[in-house]
Amino acid sequence: MADAVLEDLRQLLAASSRENSIRLLQTELERRKCQARAAPQPPKPILLEKTATVAAPRFTTITRYAWDQGRKWVKVYVTLPGLEQICESGVRLAVQPRELCLEVEGLPPPASKTRLLVSPTFGALVPDECTYTRKPNSMLLLKLRKADDGEDWGSLDDSAHRKAKEKESRLQANKGKSTAELLQEMYADADEEGRASLSKAWEEGRAKREVRKHD
């Protein structure tokens, strides 16, 4: 818009012959130029470069390990090929009262980042007294301090607790049920081989009952 006004003033100035008109047009033209220079310029658009988002590499899960226990300590043995090439900053052990998390980074592919996560653990731990030690043959030894001395852990995680609870629940639920009802439930939960065995046991039991009935 401002450029169009300036262009119109220039054309009028070029066409004018009277001195007063020329002077007025020149004054107005200069005033318009000053206004144009003083006016704030619109900001130039900033072009943002698109950058590819690189997803953080995921941890693979450590599924193979061994463990044992004493009166005060639980020991976990983890073997990771290539561990001897990793500096201490690549090994992290984080322990909470009912959680164990071991993370190792920098291993040879494909398991360059791997993790052992046990949550919840079978029993409570003392985090400040839990440590790890490097052993020969690419092994890590985790020493976990039990919160309750003498507690017998049935498993590293709470699976032993869950199994015992499920077994107790089944026993309570099965109280008062007949043998036939129990066999029907077992049959529904069994695989093909188990169902074949149950069917055979059922037929043999029925045959024995028939024999006793006629004795």
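Of the listed requirements (1) among the hydrophobic types (A, V, I, L, M, F, W, C); (2) part of a strand (DSSP E or B); (3) touching a residue at least 60 places away in the same chain (Cβ under 8 Å), Leu100 misses just one: (3). Cβ-Cβ under 8 Å, sequence separation 6+ or interchain: first residue in the range 124-135 and modelled with pLDDT of 95 or more, partner among the polar types (S, T, N, Q). Which pairs? Filtered contacts from the range 124-135: Leu125/Gln96; Pro127/Gln96.
Among the residues of the range 70-92, those that are β-branched (Val, Ile, Thr) and outside any loop (DSSP other than H, G, I, E, B) comprise Val74, Val76, Val78, Thr79, Val91. Selection within the range 86-133: residues that are of a type outside the set (A, V, I, L, M) and in contact with a Gly (Cβ under 7 Å, 6 or more places away or on another chain). The member of this set that is surrounded by the fewest Cβ atoms within 10 Å (Cβ to Cβ) is Pro108.
The values are calculated or read from the model by the stated rules, or taken from the named source; none is laboratory data. Not measured: the values here are computed from a predicted model. All Cβ positions, even for glycine, are placed from backbone atoms using ideal geometry, and neighbour counts span all protein chains on display.
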